[in-house]
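What follows is calculated from the coordinates using simple rules that are stated; it is not laboratory data. Treat the numbers as computed from the prediction; the structure is a model and nothing was measured. Here the Cβ positions follow ideal geometry from the backbone for every residue, glycine too, while neighbour counts run over all protein chains shown.
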Amino acid sequence: MKITDLPIPKPIKELIAKSGIIELYPPQEEAVKARVLEGRNLVLASPTASGKTLIAEFCALKHVLERNGKVIYLTPLRALASEKFDEFKKYSTVRKTDGRYIRIGISSGDYDSTDPWLERYDIIITTNEKADSLLRHRAKWIDDISLVIADEVHLLNDAERGPTLEVVLARLMQTSSDIQVLALSATISNVQEIAEWLNAGYVTTEWRPIILREGVLLDDEIQYKDGEIRKTEKKNRDPAVSLVLNTVKTGGQALVFASTRKSSVTQAKKIAGEMESLLSKPAKRALENEAEQILASGERTRISETLAEVIRHGVAFHHAGLGGAHRKIIEDAFRLGKIKVLTATPTLAFGVNLPARTVIVQDYRRYEPGYGYYPISVLEYKQMAGRAGRPKYDKIGEAVLIAKTNDEANYLLESYVFARPERIWSRLAVERILRAHVLATIAADFAHTEQGILKFFGRTFYAYQYDTQSISSMIAKILKYLYEEEMIEVFGESINATRFGKRVSELYIDPVSAVIIREALKKKSRALTDLSLLHLISTTPDMGPALRPYLNETDEIAVFMEQHREEFLVNIPSVWEDRISYEEFLASVKSAMVLKAWTEETSEDELIGRYGVQSGDLYRAIENARWLLHSTHDLAMLFVNKPISLLAFELEERIAKGVKKELLPIVRLEGIGRSRGRVLYNAGYRTIEDIKHAPIEALTNLPLIGPRVAKKIKEQVGGFVKKEKWEKLNRGEEWKQKALTEY
């Protein structure tokens with residue numbers, strides 16, 4: 001089927017033709033035949049790179065240009081939202097019938113807002129959590145949505161992300177009976193069941209634009225799914241490294257999945273040591289630039305130095321411990337073919353699209369703290385394997401599991417290569433997860449009786465797979481908890497949210513977190529300090545996985561805990577009565593210690609060395625802490641606790657910037673972070689007024705400042721820079737940079 005034959009607006013056909021796409025892929029053609037462009041709900045389940053996004057784009061543009069509709073595109077991750085936003089931006093040159101250009105928006109942060117500005121946008125890319133928060137706030141523009149696109153819908157099976165996606169889809173279908181749903185997925189075994197829940201048709205196929213060969217490598221032989229056996233050239237004692245080197249030698253890229261962060265770094269170092277002869281001089285120069293970008297992005301740490309070093313050899317590692325800026329540099333360089341080999345943890349398989357000619361699954365087991373190693377699911381393996389083969393570059397992609405023995409090779413063939421993905425199951429019926437959604441149903445006025453609440457949850461995938469009765473006893477238990485904690489009030493059959501309950505739902509925090517904070521607000525603190533609040537929020541479930549103490553840290557943390565006992569707003573459990581609670585408390589103390597060190601301007605590298613916390617984990621903790629401090633401030637206002645309200649407000653800003661209180665006025669300036677702020681403060685520029693009256697030459701000569709930053713600072717504080725002086729300073733900087741380059 002040709003693009004010119006499709007029932008889509010002419011400007012879109014012309015734009016697609018310019019990109020070189022003339023005909024549809026078979027899965028795309030099946031989707032069109034299933035009447036997705038006529039407004040029918042559809043689940044499109046097909047492998048990576050089979051063209052699902054293009055069908056989503058066609059549907060979105062039909063709604064915007066022909067039906068004057070609004071589209072929301074749901075993704076599980078912020079990185080994926082950014083990727084999809086970039087893909088949709090090309091349509092912002094197309095005019096609507098009213099003469100306005102199509103407007104593409106993205107929103108993935110700030111869960112305490114209706115984002116009214118999104119009303120002006122036609123296609124909105126967002127995360128599942130952000131969409132959930134918008135529904136809780138009853139954003140008015142939500143009623144205008146005529147199409148919802150749910151990407152990676154197989155993640156309904158994910159214990160953490162799945163329930164939110166499930167509730168969002170159920171709510172959107174509740175608020176608008178004629179909304180179109182397009183669900184995109186990897187190939188899964190029970191597509192029909194998901195389609196029936198969504199009242200949708202479905203298309204499922206194994207077709208890929210690039211042939212996928214799956215196999216198992218034992219020593220130097222790959223046994224493929226079709227029975228063929230291929231000998232590989234043994235270049236290293238490690239079979240995985242040999243396969244990587246063979247791939248790079250023939251002009252391909254390799255993606256190696258390791259079970260842990262540590263093993264991904266170890267493997268990257270091992271491969272980097274073998275890459276020297278495979279890189280040309282121009283390639284090495286390009287990689288040197290990428291390495292310098294890594295070192296220049298954020299604070300210089302031992303992790304960034306290790307990463308930069310392997311990048312110089314055409315290799316990188318990618319895991320959740322890296323900061324977002326570093327991950328983006330790596331992803332972009334890999335897409336451009338500069339980085340030849342990427343070692344990653346399995347989470348990458350569910351994230352951004354980074355295809356490679358060869359995908360190697362080094363370990364089919366995954367490590368989880370507290371649980372040990374366990375085999376990954378077939379669905380997870382198929383997600384990894386689906387990354388094999390780069391469109392426009394490769395005709396064949398290879399996905400290879402590594403075996404150590406004949407028995408293991410046979411096990412891997414049977415259990416993964418020949419196996420079909422598991423059935424997708426709803427993960428909604430867990431009290432910890434369901435609690436917030438029940439409160440939101442009441443607080444956002446979706447239901448005000450127990451029957452109405454049950455009716456809503458009867459729309460969920462869980463109710464479709466089981467029945468509402470199986471979840472009703474849990475809902476009753478949750479309602480009892482919410483009533484006892486004064487988040488809801490009951491008058492006869494009518495259930496309403498209290499001010500407390502409504503605010504908790506809007507703040508997008510777990511009701512249990514809110515209760516912990518509220519109880520702390522009631523206490524008469526003997527010594528309210530920064531540590532008091534940083535530890536308080538570290539005890540809440542919303543803080544996420546605690547920074548668990550290593551064995552050699554336990555005594556030090558216990559001593560610190562005893563020294564600061566008077567400052568804690570949460571009671572310390574007895575080590576003799578409840579060992580588990582005591583150890584969890586130690587973990588929350590460590591988290592508070594890390595956050596406190598961050599607000600005291602301790603460098604990232606020092607935090608890594610002192611506490612063993614990696615950049616990605618640190619920034620996630622900072623982000624969670626910022627939000628929980630915002631929530632603490634709001635709840636303190638609600639319960640009229642002025643000391644905690646004021647301290648939480650100040651700490652929220654300090655945690656976001658990573659600074660002591662004295663730097664706050666300075667770091668509010670654009671372009672001034674913790675490092676530049678400290679430089680200015682130590683040079684005597686301690687207030688906005690000081691900076692306003694400072695000679696620009698003096699600012700320019702400070703470390704980390706320079707003419708451009710100095711000029712930007714001056715413009716913000718109301719200082720005036722004469723044109724001649726600015727040009728002279730700029731010429732001096734250009735001369736200095738040229739001299740350094742030539743040297």
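Let me know the shape class of segment 511-658, please: from the alpha-carbon gyration tensor, a ≥ b ≥ c as square roots of the eigenvalues, rounded when a/c is under 1.5, otherwise prolate if a/b is greater than b/c, or oblate. Since a/c reaches 1.5 but b/c is at least a/b, the shape of segment 511-658 is classed as oblate.
Under the convention that each Lys and Arg Cβ holds +1 and each Asp and Glu Cβ holds -1, the size of the dipole of the chain around its Cα centre is about 2400 debye. Extension gain for residue 524 to residue 689 (0.36 nm times residue separation, less C-alpha to C-alpha distance): 55.5 nm.
Greater than 25 Å separation of Cα atoms is the criterion. Which listed pairs, 2/52; 328/714; 596/712, meet it? Could you put the intermediate results ahead of the total?
Details: 2/52 16 Å; 328/714 31 Å; 596/712 31 Å.
Listed pairs above 25 Å: 328/714; 596/712.
Modelled spin labels at residue 89 and residue 572, positioned 7 Å past Cα toward Cβ, are 5.2 nm from each other.
Net charge near residue 203: determine it from the other residues with C-beta under 9 Å of the C-beta of residue 203, scoring Lys and Arg +1 and Asp and Glu -1.
Numbers: positive: 33; negative: 30.
That sum, taken over residues with Cβ under 9 Å, equals 0.
Can you say what percent of the DSSP beta bridges in the chain, counting only those with both residues inside, are antiparallel? Round to 5. Taking every DSSP beta bridge with both residues in the chain, the antiparallel ones total about 25 percent. The distance between label points at residue 410 and residue 483 comes to 6.0 nm (points 7 Å beyond Cα on the Cα→Cβ vector).
With only Lys, Arg, Asp and Glu charged, each at its Cβ (+1 for the first two, -1 for the last two), find how big the charge dipole of segment 3-204 is about the Cα centre; round to the nearest 20 debye.
Values: 25 positive and 29 negative charges, 147 e Å.
For segment 3-204, the charge dipole is close to 700 debye.
A simple count of charges around residue 144, restricted to other residues whose Cβ falls under 9 Å of its Cβ and scoring Lys, Arg +1 and Asp, Glu -1, yields 0. Listed by chain and number, the aspartates and glutamates placed with their C-alpha closer than 15 angstrom to that of residue 89 are 57, 122; residues fewer than eight positions away on the same chain are left out. Under a Cβ-Cβ cut-off of 10 Å, what is the net charge of the residues other than residue 128 that fall near it, where Lys and Arg count +1 and Asp and Glu count -1? Every neighbour counted, the sum reads -3. DSSP beta bridges fully contained in segment 89-199 are about 10 percent antiparallel.
Based on C-alpha pairs under 8 angstrom that are at least 6 apart in sequence, the chain has a relative contact order of 10 percent. Sorted largest first, the principal axis extents computed over the alpha-carbon atoms of segment 411-504 equal 60, 23, 20 Å.
Magnitude of the Cβ-charge dipole of segment 511-658, K/R +1 and D/E -1, about the Cα centre, nearest 20 debye?
Details: 16 positive and 24 negative charges, 116 e Å.
Its charge dipole is roughly 560 debye.
Which is the longest stretch in the chain that no exposed loop site breaks, taking sites as GluC sites (Glu not before Pro) with a DSSP loop state and at most 13 other Cβ atoms within 10 Å?
On the way: sites that count: 160, 206, 228, 233, 486, 493, 577, 600, 670.
That gives 234-485 as the longest site-free run.
Only sites in a loop by DSSP and with at most 11 other Cβ atoms within 10 Å count here; which chymotrypsin sites (Phe, Trp or Tyr not before Pro) in segment 563-671 make the cut? Could you put the intermediate results ahead of the total?
Working: sites: 568, 576, 582, 585, 598, 611, 619, 627, 639, 649; in loops: 568, 576, 639.
Passing sites in segment 563-671 are 576.
Computed on the Cα trace of the chain, the radius of gyration divided by the Kirkwood hydrodynamic radius gives Rg/Rh = 0.97. Sequence-distant contacts, meaning Cα pairs under 8 Å at least 6 residues apart, place the relative contact order of segment 211-417 at 30 percent. In the chain, the DSSP-assigned H stretches of four residues or longer account for a calculated mean residue ellipticity at 222 nm of -14500 deg cm²/dmol, using -39500 (n - 2.57) per stretch and the full residue count as denominator.
Among the trypsin sites (Lys or Arg not before Pro) found in segment 449-549, those both in a DSSP coil and sparsely packed, with 12 or fewer other Cβ atoms within 10 Å of their Cβ, are 524, 526. Only one residue of 215, 273, 295 has its Cα farthest out toward the positive end of the dipole of segment 211-417, where Lys and Arg carry +1 and Asp and Glu -1 on Cβ, and that residue is 295. Legend: calculated FRET efficiency, residue 637 to residue 551, from the Cβ-Cβ distance at R0 = 45 Å, rounded to 0.05, equals 0.60.
Starting from the Cα-Cα distance between residue 220 and residue 374, subtract it from 0.36 nm times their residue separation and give me the gain in nm to one decimal.
52.8 nm
Ordering 446, 691, 372 by Cα displacement along the dipole of the chain toward the positive end leaves 691 in first place; charges were set at the Cβ atoms of Lys, Arg (+1) and Asp, Glu (-1). Taking a straight Cα-Cα cut-off under 16 Å and skipping sequence neighbours fewer than 8 places away in the same chain, the aspartates and glutamates within cross-link reach of residue 404 are 219, 220, 221, 238, 363, 414. Here's the picture: charge each Lys and Arg Cβ at +1 and each Asp and Glu Cβ at -1 in the chain, and of 259, 391, 32 the one pushed furthest to the positive end of that dipole is 391.
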